[in-house]
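Heads up, the thing below is written out as structure tokens.
The values are calculated or read from the model by the stated rules, or taken from the named source; none is laboratory data. On a predicted model such as this, the values are computed, not experimentally measured, just so you know. Reconstructed Cβ throughout: ideal geometry from the backbone, glycine too, with neighbour counts over all protein chains shown. What goes into the accessible areas is simple: the full protein's heavy atoms, side chains included, and nothing from ligands, DNA or RNA. Shrake-Rupley method; radii C 1.70, N 1.55, O 1.52, S 1.80 Å.
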Amino acid sequence: MQLRIEPRVTTSIVIQGLAPIIAVTMTLVLGGILFAAMGYPPLETLWAFFIEPISTIYGASELLVKAVPLVIIATGLAIGFRANIWNIGAEGQLTIGAIAATGIGLYFPDQQAVYLLALMFLAGCLGGLFWAGIAAYLRARFHTSEILVTLMLTYIAALILSWLVRGPWRDPAGFNFPQTALLPPAGLIDPIDFAYRVTGSVYFAIFALIAMWFFVARSFQGYKLAVGGAAPRAARYAGFSEKSAIWIGLLTGGAAAGIAGFFEVAGPLGQLSPIISPGYGFAAIIVAFIGRLHPVGILLGGLFLALIYLGGESVQLGYGIPAPITRVFQGLLLFFLLASEFAVSHRIVRVKEAH
Amino acid sequence: MQAMTRRLELTNITKRYPGVIANDAITLGVSAGEIHAILGENGAGKSTLMKIIYGAVAADDGEIRFEGKPLGVHSPGHSRHLGIEMVYQHFSLFETVSVAQNIALCQDGRLELTALGDRIRQTAERYGLVVDPDKIVFDLSVGERQQVEILRCLLQKPKLLILDEPTSVLAPQAIDQLFEVLRALAKDGCSILYISHKLDEVRALCDSATVLRNGKVTGDVDPRQATSHELAVMMVGSDLPMTKMPKTTVSAEPVLRVKNLSAEPFGEKGRKLSDITLDVHAGEVVGIAGVSGNGQSELAVCLSGEALDPNSLIQLDGADIGHLPPDRRRKMGLAYVPEERLGRGAVPTHSLMQNAILTGYVRGLAHMGLVKKARARAFANATIDRYSVKTNGAGAQANSLSGGNLQKYILGRELSLEPRLLIAAQPTWGVDVGAASFVRQKIVDLSRNGAAVLIISEELDELLEICDRIHVLSNGRLSAAIPRGEATREKLGLNIGGATLHLPGSGEEPSDAAAH
């Protein structure tokens, strides 16, 4: 008996929706085995990882704090991914967005201006646009791989940030810590409730999801990008410009990441330090895919990835399990996601031998 | 039943797919040295039946005997071992490697590319096929790829050769050559199963014919005795209309004017276009004959705008369009049916509704930056109805349709845009007889209602049927137009054939190969 892998002719929508759920389940199962192998009680540790962090209202609010940037960035990235534009450097675009927003917040002449936050928002957005725009220009003009360019620009952005907080922007009153001064009150977003850290960025995340749905499902531009992603030659045949697809695909991700950077620095952080994101820009790629590039999926995926961040912190505190466990879980999840996608679109058949 | 063992014998072969019986108790026999035609429209079950014989698909019921022995469930590899070879309608070549490497994949024993290259050249020469073993398949035209497929089988010295619509992309001379090859093979005792919907060819070539309709055998005939008309009625189940060509008055000014168009070839082995000058007036159908790979694709993309050449003069209704991208040209009334349906004329993974928007955006399926889904669905449904596209509806994915049905949909879509200028490449390739005559009539009607139509086709009969004037595009050069009354197969064929003598492969090419 021989086995062969072949594409499925039809795939039911139920199965397609089930794939991410199977992936999550498998991640949990293998995660439990992993904990057991490390000598921790698996069920108890999984409980501490996935349930305990959100068993309080404060925990749930922290979940939102982490989910918001993931969701915002993933919506922007998903638009590019649908067009086969691979922006891998949202982390760098987030960093530049945060730097630009902080720059305005700290150095705008009128520190009490009521519109200071609006200016910072704009600066964050433009910063992300600019950083992604470099990759778009190079791809459109010289056919440079946007995957490499966006990724490399991420490291440049991290070094710029490092230089700023240790050099020109270091807080003079900060005891030589590598960080900027705190943003002025007019440049900070108040939490919705002062007991928690959640800010109005939650509303923006919801807006981003709705805007993405509208763009993908209703707009002609979204249609053009989808054609370019699914069949580039059909896009050329129809007269849909590849260059504009490159620009739009990269810029939406850049803008979203830049805005997320603004919300981080003007919200929970309040200032710049050498590390301002626990890898939101990279995790958002997983969020976009676990959400099948669809707004509802991205919302759920964002919450789940945020939970992995929280869980990692929780088991680190409670059991002394090293923090990189978070990334192990992210990796497991992505792996099982891709595997289940493959299983959904392909099947293994038994090849019958000749009699 | 005959006393002597026949080479191939099928008894009650049945194959069911969800919702359709592709083959319904089919019984037929082929003797050694016999050329046996399987006639039928698209969807009649011809290809399924051939795949069952070849072993690519397993039958649900029935028995296959090859040289008297029952085959049972077998694989294509097993079939090839027994001497059954098949040339598919859709080619199974790897695009990124050379012809010789593709053919080497089917050869047993040690891989010696140089020796194989020589064998390929010899066989190609013997049968008059234009195949250069060192060419990369990606750079070959559809017609050239088919020649590679045929040659691949011939190298195996088969006992039973199955050909699925082999002539659809060949020039008349090449068809005659192919027939010579097949007759010679049959004389050596090889049996041939020849799938086709072209009645004239079947009558010219085949000793016997089995006619299929909707998966059932509707006739076992000697095609040399039956008339084309009788065969057609067996295939279609009803009478066929001839295309009506009403008298027409053409516009004084051309709708499409092309002057001194030159274009660089696509791929390293494409054809350079030189100095094309061409006028198409409103009210006429102009044909471009010739074997693909002679500049056909280059001409089509220059006209559609997928390739831009600001230096050549291309005018649509007097306005220069040479520098305009495809969407601007479409908004000025150009519609285009490309040769490749999947991936170019339609997005494979999109529904027919979404594929309506692909070019329908110029007629209001996108408005104010928004996609008009309800209108697109209505447009798609209307096209499906009018062109009798066999599908589950506007929600069906383009890649779920058969080639002919998708072609009907794309043609229907472009015709429904009511273009000022329609350019269609191979408009009825793979479309069944009944639908093809309907489509041709629609094309003629479009021109008679005041549009200009340019047809690029390899099928001379089609061009002769619907064109008012015919050019020949050969080796990147366009001949003078031959008007309808004077155009004959022989006259056009000479133009096409005359040029094929200058095809590479006979000239300096071997020196390239030696360097390798």
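A single member of A:273, A:277, A:241, A:201 is within 11 Å of chain B (Cβ to nearest Cβ) and out of contact with any Lys or Arg (no Cβ under 6 Å at 6 or more places or on another chain), and it is A:241.
Restricted to segment B:125-153, and to residues that are of a type outside the set (S, T, N, Q) and without any contact (Cβ under 8 Å) to a residue 40 or more places away in the chain, which residue is surrounded by the most Cβ atoms within 10 Å (Cβ to Cβ)? Residue satisfying both the conditions and the ranking: B:125.
Given (1) open to solvent by less than 10 Å² (accessible area, probe 1.4 Å); (2) under 30 Å from residue A:164 (Cβ atoms), where does residue A:65 come up short, assuming only one miss? Of (1) open to solvent by less than 10 Å² (accessible area, probe 1.4 Å); (2) under 30 Å from residue A:164 (Cβ atoms), only one is false for residue A:65: (1). Hey, does segment A:133-149 have a residue that's modelled with pLDDT of 95 or more, under 18 Å from residue A:264 (Cβ atoms) and open to solvent by 20 Å² or more (accessible area, probe 1.4 Å)? There is no residue in segment A:133-149 that is modelled with pLDDT of 95 or more, under 18 Å from residue A:264 (Cβ atoms) and open to solvent by 20 Å² or more (accessible area, probe 1.4 Å).
Conditions (1) within 14 Å of another protein chain (Cβ to nearest Cβ); (2) hydrophobic (A, V, I, L, M, F, W, C); (3) free of Cβ contacts under 8 Å to residues at least 60 places away in the same chain; (4) crowded, with 19+ Cβ neighbours inside 10 Å, marked per residue:
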position	(1), (2), (3), (4)
B:77	yes, no, yes, no
B:99	no, yes, yes, yes
B:111	no, yes, yes, no
B:119	no, no, yes, no
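Among the residues of segment B:307-332, those that are touching a Gly at 6+ places or on another chain (Cβ under 8 Å) and assigned to a loop (DSSP other than H, G, I, E, B) comprise B:308, B:309, B:310, B:311, B:312, B:317, B:321, B:324, B:325. Here is the figure for segment B:190-218: residues that are modelled with pLDDT of 85 or more and at positive phi total 1.
Between a first residue in segment B:57-71 that is within 13 Å of another protein chain (Cβ to nearest Cβ) and a second residue that is among the hydroxyl-bearing types (Ser, Thr, Tyr) and open to solvent by 40 Å² or more (accessible area, probe 1.4 Å), which pairs have beta carbons less than 7 Å apart while being 6 or more apart in sequence or on different chains? Listed by first residue and then by second, the contacts come to B:63/B:11.
Every condition in (1) within 29 Å of residue B:438 (Cβ to Cβ); (2) out of contact with any Pro (no Cβ under 7 Å at 6 or more places or on another chain); (3) open to solvent by 30 Å² or more (accessible area, probe 1.4 Å) holds for residue B:328 except the one numbered (1). β-branched (Val, Ile, Thr) and in a helix (DSSP H, G or I): is that true of residue B:357 in this structure? The answer is yes for residue B:357. The listed residues are A:296, A:287, A:265, and the only one of them that is assigned to a helix (DSSP H, G or I) and surrounded by fewer than 24 Cβ atoms within 10 Å (Cβ to Cβ) turns out to be A:296. Put simply, of B:370, B:415 the only residue that is touching a helix residue (DSSP H, G or I) at 6+ places or on another chain (Cβ under 8 Å), within 14 Å of another protein chain (Cβ to nearest Cβ) and at pLDDT 90 or above is B:370. Only one of the numbered conditions (1) without any contact (Cβ under 8 Å) to a residue 24 or more places away in the chain; (2) facing chain A (nearest Cβ under 7 Å); (3) within 25 Å of residue B:401 (Cβ to Cβ) is not met by residue B:359, and that is (1). Scanning segment B:44-78 for residues that are among the small types (Gly, Ala, Ser) and farther than 28 Å from residue B:433 by Cβ yields a count of 6. Would segment B:266-289 turn up any residue that is open to solvent by less than 30 Å² (accessible area, probe 1.4 Å) and of a type in the set (Asp, Glu)? Yes: segment B:266-289 contains one or more residues that are open to solvent by less than 30 Å² (accessible area, probe 1.4 Å) and of a type in the set (Asp, Glu). The strands (runs of 3 or more DSSP E) found entirely in segment B:181-242 that carry 2 or more residues being open to solvent by 30 Å² or more (accessible area, probe 1.4 Å) and free of Cβ contacts under 8 Å to residues at least 60 places away in the same chain are B:216-221. Applying the condition of being among the hydroxyl-bearing types (Ser, Thr, Tyr) and in contact with a Gly (Cβ under 8 Å, 6 or more places away or on another chain) to segment B:287-306 and asking which residue is farthest from residue B:329 (Cα to Cα) yields B:292.
With respect to the stated conditions, residue B:94 is away from chain A (no Cβ under 14 Å) and of a type in the set (Phe, Trp, Tyr).
Taking the numbered list (1) without any contact (Cβ under 8 Å) to a residue 24 or more places away in the chain; (2) within 10 Å of chain A (Cβ to nearest Cβ) in turn, residue B:347 passes all entries but (1). Would you pick out the residues in segment B:386-432 that are open to solvent by 20 Å² or more (accessible area, probe 1.4 Å), assigned to a helix (DSSP H, G or I), under 21 Å from residue B:47 (Cβ atoms) and among the small types (Gly, Ala, Ser)? If the condition is that a residue be open to solvent by 20 Å² or more (accessible area, probe 1.4 Å), assigned to a helix (DSSP H, G or I), under 21 Å from residue B:47 (Cβ atoms) and among the small types (Gly, Ala, Ser), then B:400, B:403 are the ones that fit.
The set of residues in segment B:333-344 being among the small types (Gly, Ala, Ser), over 11 Å from residue B:398 (Cβ atoms) and either in a loop (DSSP other than H, G, I, E, B) or at the interface with another protein chain (Cβ under 7 Å from one of its Cβ atoms) (or both) consists of B:333 alone.
When B:384, B:423 are checked against the criterion of being away from chain A (no Cβ under 11 Å) and at pLDDT 95 or above, B:423 stands alone in meeting it.
Only a single item in (1) touching a strand residue (DSSP E or B) at 6+ places or on another chain (Cβ under 9 Å); (2) on the phi > 0 side of the Ramachandran plot is not met by residue B:71, and it is number (2). Of all the criteria given as (1) β-branched (Val, Ile, Thr); (2) within 29 Å of the chain's Cα centre (by Cα); (3) open to solvent by 10 Å² or more (accessible area, probe 1.4 Å), the one not satisfied by residue B:383 is (3).
Only residues that are assigned to a helix (DSSP H, G or I) and either in contact with a Leu (Cβ under 9 Å, 6 or more places away or on another chain) or buried (at least 18 other Cβ atoms within 10 Å of the Cβ) (or both) were counted in segment A:178-203, giving 4.
Among residues of segment A:218-238 that are under 13 Å from residue B:366 (Cα atoms) and more than 7 Å from every other protein chain (Cβ to nearest Cβ), those with a beta-carbon under 9 Å from a residue that is part of a loop (DSSP other than H, G, I, E, B) and open to solvent by 20 Å² or more (accessible area, probe 1.4 Å) at least six positions away or on a different chain give the pairs A:224/A:241. Restricting segment B:310-325 to residues that are in contact (Cβ under 8 Å) with a residue 24 or more places away in the chain and surrounded by 17 or more Cβ atoms within 10 Å (Cβ to Cβ), the residue that is farthest from residue B:376 (Cα to Cα) is B:312. Just a yes or no: is a residue in segment A:256-263 within 14 Å of chain B (Cβ to nearest Cβ) and among the small types (Gly, Ala, Ser)? Looking through segment A:256-263, none of the residues is within 14 Å of chain B (Cβ to nearest Cβ) and among the small types (Gly, Ala, Ser).
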